[in-house]
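Computed from the coordinates by the stated procedures, all read-outs in this text should not be read as laboratory data. If you're wondering where the values come from, they're calculated on a predicted model, not measured in any experiment. Ideal geometry is used to build each Cβ from the backbone, glycine not excepted, and the neighbour counts take in all protein chains shown.
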Amino acid sequence: MDQPDPAITLQDISEGIVVLRLNRPARLNALTREMVAELNAALDGIAGRDEVRVVILTGAGRGFCSGQDVAAADERNRTAPSGLIERLYWQEQFAGMVRRMRAMPQIVIAAVNGPCAGAGMALAMASDIRIASRDARFLNAAVRLGLSAGETGMSYMLPRLIGAARAFEILVTGRSVDAAEAERIGLVVSVTDSDDLVDEAVAMAGRIVLNSPFSISHTKRVFWENLHAPSFQAALELENRTQILASMTDDYKEATAAFTEKRPPQFKGR
């Protein structure tokens, strides 16, 4: 008997770079509870791999991720409605996806290859960098389903990416944002043709992995922590501490030597 295709796939494509692909193309990679559990396990596994420096998150087929599988939710509501405790557990598992992405030391690049809705949009927002195909479309339609648009970290992440006024309008209307608008408002850093999207993400990842592991992982940590630092002085304190730690690494010594000797550095992650 044929085994079903895995809902999450991982592909090591070059040194330090992996592609994590949502793999339910017939459902535009909609998230079931089981798929969320698989994705969380995959993120935990990647976070523990020191040799992985950059993760490219994308979707199989013509969509990135259409959010929660509404058909599966409707079937549960009709046949075996979840109780409060079960619903809260799974809500926390959905939120756990974005929490893991922000906490992991690897840089996450979202290659948004098509429709990107609800919790799928949250996955893109939680990524450190977003690029999109011209077919991409961002949507949080929770308000149309009788739910709050403040889901899976969206009310925190979106205003920090594009500003509070614009984020609020998008969330309370439930309207979609196409790729051109997403680039104009800073939601994505670039837009490209669908056929070139993953290659563009790989090229960007390649530029990142040229740098030392410590510098990249701690730049990510400092950046997202200081985005909500309580004061400028608090931000400086974290920067100062991290910079001194970085200056004690072997890779820092290698970088200064390579600069002086006009050669590429050979980083060891130490």
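Observations
- Residue exposure proxy: 252, 156, ordered by other Cβ atoms within 10 angstrom of their Cβ from fewest to most, comes out as 156, 252.
- DSSP beta bridges fully contained in the chain are about 30 percent antiparallel.
- The phi torsions of the stretch 156-167, fed into the Karplus equation with coefficients 6.51, -1.76 and 1.60 and a -60° offset, translate into couplings of 8, 6, 4, x, 6, 8, 10, x, 5, 5, 5, 4 Hz, rounded to whole numbers, with Gly and Pro shown as x.
- Added length on full extension, which subtracts the Cα-Cα distance from 0.36 nm per residue, residue 62 to residue 229: 56.3 nm
- Ranking 238, 206, 42 by how far each Cα lies toward the positive end of the dipole of the chain (charges on Cβ) leaves 238 at the top.
- Mean-square fluctuations from a GNM of the chain, with a 10 angstrom spring cutoff on Cα atoms, peak among 63, 114, 83 at 83.
- Nearest-20 debye value, the chain charge dipole, Cβ charges on Lys, Arg, Asp, Glu: 520 debye
- Given their separation in residues at 0.36 nm each and the Cα-Cα distance between them, residue 260 and residue 88 gain 56.3 nm when the chain is fully extended.
- Our estimate of slack between residue 95 and residue 211, defined as 0.36 nm per intervening residue step minus the Cα-Cα distance, is 38.7 nm.
- In the chain, excluding the sites themselves, the longest stretch lacking any of the GluC sites (Glu not before Pro) that are in a DSSP loop with at most 10 other Cβ atoms within 10 Å is 52-270.
- For the stretch 8-209, the Kirkwood hydrodynamic radius comes to 16.9 Å, computed from all pairs of different C-alpha atoms.
- Between the stretch 57-110 and the stretch 1-33, the alpha-carbon center distance in angstrom: 14 Å
- Listed values for the stretch 88-98 are Karplus-derived 3J(HN,Hα) couplings in whole Hz (6.51 cos²θ - 1.76 cosθ + 1.60, θ = phi - 60°), namely 5, 4, 6, 4, 5, 5, 4, 5, x, 4, 6, and x replaces Gly and Pro.
- Residue 194-residue 44 pseudo-label distance in nm [points 7 Å out on the Cα-to-Cβ vector]: 3.5 nm
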